[in-house]
1. Starting at 0 and stepping by 5 Å, how many percent of the alpha carbon pairs of region 107-251 end up in each bin?
2. Kindly express, to the nearest 10 degrees and within the range 0 to 90, the angle between helix 143-154's C-alpha long axis and the longest C-alpha principal axis of the chain.
3. Given a 1.4 Å probe, how much area per residue of region 32-90 is accessible, in Å²?
4. Using only C-alpha positions, report the orientation-averaged shadow area of the convex hull of region 70-190, nm², one decimal.
5. Once the dipole of the chain is set up with Lys and Arg at +1 and Asp and Glu at -1 on Cβ about the Cα centre, which of THR16, PHE42, GLY72 lies farthest towards its positive end?
6. Taking a ≥ b ≥ c as the square roots of the eigenvalues of the Cα gyration tensor of region 31-80, is the shape rounded (a/c under 1.5), prolate (a/b larger than b/c) or oblate?
7. Which residue fluctuates most in the GNM of the chain (Cα springs below 10 Å): GLY150, GLY170, GLY85?
8. Given a 1.4 Å probe and every protein chain left where it sits, what share in percent of the accessible area of the chain is carbon and sulfur?
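The values are calculated or read from the model by the stated rules, or taken from the named source; none is laboratory data. Computed from a prediction, not measured in an experiment: that's the story for all the values here. All Cβ positions, even for glycine, are placed from backbone atoms using ideal geometry, and neighbour counts span all protein chains on display. Side chains included, ligands, DNA and RNA excluded: accessible areas come from the protein's heavy atoms. Shrake-Rupley method; radii C 1.70, N 1.55, O 1.52, S 1.80 Å.
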Amino acid sequence: MDAILRTENLSVEYRTRGLRQETRPALKGLNLSVSAGEVFGFLGPNGAGKTTTINVLLGFIPPTRGAAYLFGIDVRQPIARQRIGYLPEMTYYYKFLTAEELLRFYARIFALPAPEAGRRIDQLLKLVELNPVRKRLIKTYSKGMQQRVGIAQALINNPDLLILDEPTSGLDPLGRMKVREIIQRLKNEGKTVFFSSHELGEVETICDRVAIIHQGELKAVGGVDEVIGSNHSNLEKAFLDIIGYQPQSAL
(Lines give C-alpha, C1' and ligand atoms only; values in the text may rest on other atoms or scores of the structure.)
Protein backbone atom coordinates (compact mmCIF):
# COMPACT_ATOMS: atom_id res chain seq x y z
CA MET A 1 0.00 0.00 0.00
CA ASP A 2 1.13 3.56 -0.64
CA ALA A 3 2.53 5.32 2.41
CA ILE A 4 0.41 8.09 3.88
CA LEU A 5 3.30 9.18 6.12
CA ARG A 6 6.92 8.70 5.14
CA THR A 7 10.31 9.95 6.26
CA GLU A 8 13.55 9.50 4.34
CA ASN A 9 16.86 9.81 6.18
CA LEU A 10 15.25 12.49 8.34
CA SER A 11 17.77 14.31 10.52
CA VAL A 12 17.32 17.28 12.82
CA GLU A 13 20.08 19.10 14.67
CA TYR A 14 19.73 21.86 17.24
CA ARG A 15 22.32 24.46 18.12
CA THR A 16 23.28 24.43 21.76
CA ARG A 17 23.41 27.61 23.78
CA GLY A 18 26.71 29.10 24.81
CA LEU A 19 29.78 30.52 23.17
CA ARG A 20 30.73 27.39 21.24
CA GLN A 21 27.36 27.04 19.45
CA GLU A 22 27.75 23.29 18.96
CA THR A 23 25.07 21.21 17.29
CA ARG A 24 23.12 18.48 19.05
CA PRO A 25 21.44 15.76 16.97
CA ALA A 26 17.77 15.14 17.80
CA LEU A 27 17.07 12.77 14.88
CA LYS A 28 19.59 10.71 12.95
CA GLY A 29 18.54 9.42 9.55
CA LEU A 30 15.01 8.33 10.49
CA ASN A 31 13.20 6.17 7.93
CA LEU A 32 9.52 5.45 8.59
CA SER A 33 6.55 4.45 6.46
CA VAL A 34 2.92 4.34 7.61
CA SER A 35 0.20 2.94 5.35
CA ALA A 36 -3.46 3.88 5.09
CA GLY A 37 -5.68 2.43 7.80
CA GLU A 38 -2.86 1.62 10.21
CA VAL A 39 -2.71 2.45 13.89
CA PHE A 40 1.00 3.12 14.30
CA GLY A 41 2.68 3.56 17.68
CA PHE A 42 5.78 5.76 17.87
CA LEU A 43 7.71 4.85 21.00
CA GLY A 44 10.80 6.01 22.83
CA PRO A 45 11.99 7.36 26.18
CA ASN A 46 11.92 11.07 26.95
CA GLY A 47 14.25 12.97 24.64
CA ALA A 48 14.33 10.19 22.04
CA GLY A 49 13.09 12.45 19.22
CA LYS A 50 9.37 11.63 19.09
CA THR A 51 8.08 15.18 19.44
CA THR A 52 10.80 16.49 17.12
CA THR A 53 9.57 14.06 14.44
CA ILE A 54 5.98 15.21 14.92
CA ASN A 55 7.08 18.86 14.77
CA VAL A 56 8.73 18.21 11.39
CA LEU A 57 5.61 16.48 10.08
CA LEU A 58 3.49 19.46 11.16
CA GLY A 59 5.85 21.99 9.61
CA PHE A 60 6.78 23.55 12.96
CA ILE A 61 10.51 22.95 12.40
CA PRO A 62 12.47 22.19 9.21
CA PRO A 63 14.62 19.09 8.81
CA THR A 64 18.36 19.59 8.79
CA ARG A 65 18.75 16.79 6.25
CA GLY A 66 16.45 14.30 4.61
CA ALA A 67 12.74 14.75 4.00
CA ALA A 68 9.27 13.90 5.26
CA TYR A 69 6.09 13.40 3.25
CA LEU A 70 2.38 13.34 3.97
CA PHE A 71 0.19 11.82 1.24
CA GLY A 72 3.24 11.95 -1.04
CA ILE A 73 3.70 15.71 -0.60
CA ASP A 74 6.76 17.24 1.06
CA VAL A 75 5.76 18.54 4.51
CA ARG A 76 7.46 21.86 3.72
CA GLN A 77 4.47 22.55 1.47
CA PRO A 78 1.44 23.65 3.55
CA ILE A 79 -0.96 21.71 1.31
CA ALA A 80 0.52 18.49 2.73
CA ARG A 81 -1.29 19.13 6.02
CA GLN A 82 -4.78 19.75 4.68
CA ARG A 83 -5.89 16.17 5.40
CA ILE A 84 -4.50 15.73 8.90
CA GLY A 85 -5.76 16.29 12.44
CA TYR A 86 -3.44 16.92 15.38
CA LEU A 87 -3.69 16.60 19.15
CA PRO A 88 -0.68 18.04 21.05
CA GLU A 89 0.55 16.54 24.30
CA MET A 90 -0.30 19.69 26.25
CA THR A 91 -3.72 20.94 25.24
CA TYR A 92 -5.12 24.32 26.16
CA TYR A 93 -8.54 25.55 25.18
CA TYR A 94 -10.53 28.64 26.05
CA LYS A 95 -12.23 27.28 29.11
CA PHE A 96 -15.03 29.83 28.98
CA LEU A 97 -16.28 27.94 25.90
CA THR A 98 -18.46 24.86 25.88
CA ALA A 99 -17.42 21.79 23.88
CA GLU A 100 -20.00 22.66 21.24
CA GLU A 101 -18.71 26.23 20.95
CA LEU A 102 -15.10 25.05 20.71
CA LEU A 103 -15.88 22.68 17.87
CA ARG A 104 -17.89 25.34 16.07
CA PHE A 105 -14.87 27.67 16.37
CA TYR A 106 -12.59 25.07 14.73
CA ALA A 107 -15.21 24.35 12.07
CA ARG A 108 -15.07 28.03 11.08
CA ILE A 109 -11.27 27.84 10.86
CA PHE A 110 -11.68 25.05 8.29
CA ALA A 111 -14.44 27.03 6.54
CA LEU A 112 -17.00 24.26 6.94
CA PRO A 113 -20.50 25.28 5.84
CA ALA A 114 -22.83 25.67 8.81
CA PRO A 115 -25.03 22.60 8.03
CA GLU A 116 -21.97 20.36 7.58
CA ALA A 117 -20.37 21.78 10.73
CA GLY A 118 -23.50 21.00 12.72
CA ARG A 119 -23.53 17.40 11.49
CA ARG A 120 -19.81 16.94 12.22
CA ILE A 121 -20.16 18.39 15.72
CA ASP A 122 -23.07 16.05 16.52
CA GLN A 123 -21.15 13.03 15.21
CA LEU A 124 -17.93 13.86 17.03
CA LEU A 125 -19.51 14.60 20.39
CA LYS A 126 -21.22 11.22 20.21
CA LEU A 127 -17.96 9.55 19.15
CA VAL A 128 -16.05 10.94 22.16
CA GLU A 129 -19.04 10.41 24.48
CA LEU A 130 -19.48 14.08 25.39
CA ASN A 131 -22.86 14.74 23.80
CA PRO A 132 -24.72 14.86 27.15
CA VAL A 133 -22.33 17.59 28.42
CA ARG A 134 -21.85 19.49 25.16
CA LYS A 135 -23.15 22.74 26.68
CA ARG A 136 -21.04 22.57 29.83
CA LEU A 137 -18.00 24.83 30.08
CA ILE A 138 -14.74 23.06 29.30
CA LYS A 139 -13.28 24.35 32.57
CA THR A 140 -15.67 22.00 34.40
CA TYR A 141 -14.38 18.95 32.48
CA SER A 142 -12.04 16.35 33.93
CA LYS A 143 -8.62 15.80 32.35
CA GLY A 144 -9.97 12.81 30.45
CA MET A 145 -12.96 14.77 29.14
CA GLN A 146 -10.69 17.61 28.01
CA GLN A 147 -8.51 15.10 26.18
CA ARG A 148 -11.56 13.68 24.42
CA VAL A 149 -12.77 17.10 23.33
CA GLY A 150 -9.24 17.60 22.02
CA ILE A 151 -9.60 14.48 19.88
CA ALA A 152 -12.93 15.81 18.63
CA GLN A 153 -11.37 19.12 17.53
CA ALA A 154 -8.59 17.18 15.76
CA LEU A 155 -11.28 15.36 13.78
CA ILE A 156 -13.50 18.32 12.89
CA ASN A 157 -12.10 18.54 9.33
CA ASN A 158 -12.64 14.78 8.81
CA PRO A 159 -8.92 14.09 8.30
CA ASP A 160 -7.52 10.94 6.76
CA LEU A 161 -4.53 10.98 9.13
CA LEU A 162 -4.66 11.72 12.85
CA ILE A 163 -1.42 12.59 14.67
CA LEU A 164 -1.61 12.30 18.46
CA ASP A 165 1.20 13.27 20.83
CA GLU A 166 0.83 11.30 24.08
CA PRO A 167 -3.00 11.09 23.91
CA THR A 168 -3.34 9.18 27.21
CA SER A 169 -0.74 11.11 29.22
CA GLY A 170 -1.96 11.83 32.74
CA LEU A 171 -5.24 9.97 32.35
CA ASP A 172 -6.64 7.49 34.84
CA PRO A 173 -7.40 3.91 33.70
CA LEU A 174 -10.97 4.80 32.69
CA GLY A 175 -9.77 7.80 30.68
CA ARG A 176 -7.14 5.69 28.91
CA MET A 177 -9.73 3.05 28.10
CA LYS A 178 -12.06 5.62 26.53
CA VAL A 179 -9.27 7.07 24.38
CA ARG A 180 -8.31 3.54 23.32
CA GLU A 181 -11.91 2.84 22.32
CA ILE A 182 -12.02 6.05 20.27
CA ILE A 183 -8.83 5.10 18.41
CA GLN A 184 -10.29 1.66 17.69
CA ARG A 185 -13.46 3.21 16.28
CA LEU A 186 -11.39 5.50 14.06
CA LYS A 187 -9.47 2.51 12.78
CA ASN A 188 -12.78 0.78 12.00
CA GLU A 189 -13.72 3.86 9.95
CA GLY A 190 -10.53 3.51 7.91
CA LYS A 191 -8.64 6.39 9.50
CA THR A 192 -4.87 6.26 9.89
CA VAL A 193 -3.62 7.05 13.41
CA PHE A 194 0.01 7.88 14.22
CA PHE A 195 0.67 8.47 17.89
CA SER A 196 3.50 8.69 20.37
CA SER A 197 3.02 7.18 23.80
CA HIS A 198 4.70 6.00 26.97
CA GLU A 199 1.76 3.72 27.80
CA LEU A 200 3.15 0.53 26.32
CA GLY A 201 0.24 -1.61 27.48
CA GLU A 202 -2.14 0.62 25.52
CA VAL A 203 0.12 0.49 22.47
CA GLU A 204 0.34 -3.28 22.59
CA THR A 205 -3.46 -3.51 22.66
CA ILE A 206 -4.41 -1.21 19.79
CA CYS A 207 -1.46 -0.81 17.41
CA ASP A 208 -0.91 -2.66 14.15
CA ARG A 209 2.75 -1.69 14.01
CA VAL A 210 5.20 0.20 16.19
CA ALA A 211 8.55 1.94 15.86
CA ILE A 212 11.00 2.41 18.72
CA ILE A 213 13.54 5.22 18.65
CA HIS A 214 16.29 5.98 21.14
CA GLN A 215 18.66 8.94 21.12
CA GLY A 216 17.32 9.97 17.73
CA GLU A 217 17.91 6.61 16.05
CA LEU A 218 15.38 4.04 14.88
CA LYS A 219 15.99 0.86 16.85
CA ALA A 220 13.08 -1.36 15.80
CA VAL A 221 9.99 -1.26 13.59
CA GLY A 222 7.36 -3.84 12.74
CA GLY A 223 4.21 -5.54 13.92
CA VAL A 224 3.71 -5.66 17.67
CA ASP A 225 4.24 -9.43 17.82
CA GLU A 226 7.29 -9.10 15.59
CA VAL A 227 8.89 -6.48 17.85
CA ILE A 228 8.10 -8.48 20.99
CA GLY A 229 9.59 -11.56 19.37
CA SER A 230 10.13 -14.88 21.08
CA ASN A 231 12.47 -13.56 23.75
CA HIS A 232 10.04 -11.21 25.54
CA SER A 233 6.71 -11.67 27.28
CA ASN A 234 5.31 -8.23 26.41
CA LEU A 235 6.07 -4.96 24.65
CA GLU A 236 7.43 -3.27 27.77
CA LYS A 237 10.13 -5.91 28.24
CA ALA A 238 11.01 -5.77 24.55
CA PHE A 239 11.17 -1.96 24.67
CA LEU A 240 13.56 -1.93 27.63
CA ASP A 241 15.78 -4.50 25.97
CA ILE A 242 15.82 -2.69 22.62
CA ILE A 243 16.86 0.66 24.14
CA GLY A 244 19.52 -1.12 26.19
CA TYR A 245 18.13 -0.41 29.64
CA GLN A 246 20.11 -2.12 32.38
CA PRO A 247 18.42 -2.21 35.81
CA GLN A 248 20.75 -1.32 38.63
CA SER A 249 21.39 -4.10 41.09
CA ALA A 250 20.14 -3.57 44.61
CA LEU A 251 22.75 -2.22 47.01
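1. Calculated over all Cα pairs of region 107-251, the distribution is 2, 8, 16, 18, 17, 13, 9, 7, 5, 3, 1, 0, 0, 0 percent.
2. 80
3. Working: 2430 Å² over 59 residues.
Per residue, region 32-90 has 41 Å² of solvent-accessible surface.
4. Numbers: hull surface 30.7 nm².
Hull-based average projected area comes out at 7.7 nm².
5. Value computed over the given set: THR16.
6. Numbers: a/c = 2.05, a/b = 1.13, b/c = 1.81.
Judged from the Cα gyration tensor, region 31-80 comes out oblate (a/c at least 1.5, b/c at or above a/b).
7. Result for the chain, Cα springs under 10 Å: GLY170 fluctuates most.
8. Numbers: 6340 of 12810 Å².
Ligands and nucleic acids excluded, carbon and sulfur reach 49 percent.
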